[in-house]
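J.: Just passing along the structure, written as structure tokens.
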Amino acid sequence: MRMEVAEDIYWVGAIDWDVRTFHGYTYTTHRGTTYNAYLVLDEKVALVDTVNTGFGQEMLKRIGTLTDPTRIDYLVANHGEMDHSGAIPEVMKTAPQAKLVCSKKGEQTLRQYFGDQGWDITVVGTGDEIKLGQKTLRFIEAPMLHWPDSMFTYIPQVALLLPNDAFGQHLATSQRFADEVDECLVLGEAAKYYANILWPFSSLVIKKIKEIERMGLEIATIAPSHGLTWRNPRQIIEAYLRWAQGGAEPRVVVVYETMWGSTRHIAHALVEGIQQEGVEVSLYALPTSDRSDVIADLLEARGILVGSSVHNNDMLLNMAAFLEDLKGLKPIGKIGAAFGSYGWGSRAIPHMEEKLRQAGVELVEADLSSQFAPDEDELEHYIEFGQDFARKVKER
Ligand code: FEO
């Protein structure tokens, strides 16, 4: 299968139907992913990005249905992470005359990954261009979206933006355009991708979108390096601006980890109170809930409540991992509180509060702890807290 994303520009990537965790950490890819590479056919031939290690021959075979792969003149590496650079050695072996084009940081990354291979490397920065014939490759550096080396390639003659990881989704499908699949599915995967990968860089996302708008670039199509291509680019640009600016719904995410069920009882009482105020709420137990799905659900929720029972005078380990993850992701514009049961003294709640604070969550005043099991009065207090928290979330 191959696909023309614009005149004489073809998707020649690979579909990874099987991958279920990405990059070796706990970002789950329930629906697989794709590694998108794009072939630009002109007087000169350019390949923009490659595919993950292990998919190189599949990509070269796909290129071979369009042109002789030995004809590649330029190999653009928008980003050095291995899911896009993994097949560079195979391409450079096939077309050793090709110039490898990357950012300054990209050159460093590629040298550190692959050593000195004697490749002919051309370093480019924002505004630099390479003329292929009718078409031009124009480069826009995009540091920390999401690595220091990241850059975008823009082809003005067809108003096509190739932004690598930005605007991507982990979604393996036989379709290649976002408008060909269910909108909730593709935007849901784009949101999960944003929350788990790009959330910490939200201020840079806003700056980059504004910079591109100032450049006055017409953009008809955005073809990222994962998932589907956007033929309605405003849809994903506006979603990115909303997420980056902390746009959220009056909704609450409750996450907890329990040993003997008491913290679960508190969580359910909180949920009851929130629901009584007519506010939407999601409840997740750790570790049986998927952490990256919880993070995705939190993206557009205003409130977060986290709870844990106590082990070794601290929170349980899955909650510790969740909060550590959250601290790194720096969610925007959330209010929250911590809760839990304890046996004989606990640092769990203050430690959870500290992690929430470090994540940038604004803490509301709360007294949400029970010794061993919560009694009826305490449960009533938690329901009332849930109501009060829901009202605060609505007022935001
Ligand atoms: Fe899809 Fe940063 O690699």
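J.: How many residues are within 16 Å of the ligand (Cβ to nearest atom) and open to solvent by 10 Å² or more (accessible area, probe 1.4 Å) when one looks only at the range 123-144?
T.: So the first thing to find is which residues in the range 123-144 are within 16 Å of the ligand (Cβ to nearest atom), and the list is 141-144.
Those still in the list that are open to solvent by 10 Å² or more (accessible area, probe 1.4 Å) too: 141, 143-144.
Going through the range 123-144 one residue at a time, the tally reaches 3.
J.: State yes or no: is Ile219 more than 15 Å from the ligand (Cβ to nearest atom), open to solvent by 20 Å² or more (accessible area, probe 1.4 Å) and not in a helix (DSSP H, G or I)? Show your work before the answer.
T.: On the way: more than 15 Å from the ligand (Cβ to nearest atom): yes; open to solvent by 20 Å² or more (accessible area, probe 1.4 Å): yes; not in a helix (DSSP H, G or I): yes.
Yes.
J.: Any residue that is touching a residue at least 40 places away in the same chain (Cβ under 8 Å), within 21 Å of Asp297 (Cα to Cα), within 16 Å of the ligand (Cβ to nearest atom) and not in a loop (DSSP other than H, G, I, E, B) - is there at least one of those in the range 169-190?
T.: Looking through the range 169-190, at least one residue is touching a residue at least 40 places away in the same chain (Cβ under 8 Å), within 21 Å of Asp297 (Cα to Cα), within 16 Å of the ligand (Cβ to nearest atom) and not in a loop (DSSP other than H, G, I, E, B).
Every residue, every condition in (1) closer than 19 Å to Met315 by Cα; (2) not in a loop (DSSP other than H, G, I, E, B), yes or no:
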| position | (1), (2) |
| --- | --- |
| Gly246 | no, no |
| Pro250 | no, yes |
| Val253 | yes, yes |
| Thr263 | yes, yes |
| Ile266 | yes, yes |
| Gly273 | no, yes |
| Gly278 | no, no |
| Ser282 | no, yes |
| Asp293 | no, yes |
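J.: Against the conditions (1) out of contact with any Phe, Trp or Tyr (no Cβ under 6 Å at 6 or more places or on another chain); (2) buried (at least 21 other Cβ atoms within 10 Å of the Cβ); (3) outside any loop (DSSP other than H, G, I, E, B), where does Gln157 fall short? Just the number, please.
T.: If we test Gln157 against (1) out of contact with any Phe, Trp or Tyr (no Cβ under 6 Å at 6 or more places or on another chain); (2) buried (at least 21 other Cβ atoms within 10 Å of the Cβ); (3) outside any loop (DSSP other than H, G, I, E, B), just (2) comes out false.
J.: Provide a single number: the residues in the range 20-36 that are without any contact (Cβ under 8 Å) to a residue 60 or more places away in the chain, part of a loop (DSSP other than H, G, I, E, B) and touching a strand residue (DSSP E or B) at 6+ places or on another chain (Cβ under 9 Å).
T.: Total satisfying the criteria: 1.
J.: Still on this structure, I have one more. What single numbered condition from (1) within 15 Å of the ligand (Cβ to nearest atom); (2) farther than 25 Å from Asn196 by Cα fails to hold for Thr67?
T.: Evaluating Thr67 over (1) within 15 Å of the ligand (Cβ to nearest atom); (2) farther than 25 Å from Asn196 by Cα leaves (1) as the failure.
J.: Here are the criteria: (1) under 21 Å from the mean Cα position of the chain (by Cα); (2) part of a loop (DSSP other than H, G, I, E, B). Tell me which single one Lys327 does not satisfy.
T.: (2)
The values are calculated or read from the model by the stated rules, or taken from the named source; none is laboratory data. Only a predicted model underlies this, so the values are computations on that prediction, with no experimental measurement involved. Note: ideal-geometry Cβ built from the backbone for every residue, glycine included; neighbour counts use all protein chains shown. Areas reflect the complete protein model, heavy atoms only, side chains present, ligands, DNA and RNA absent. Shrake-Rupley method; radii C 1.70, N 1.55, O 1.52, S 1.80 Å.
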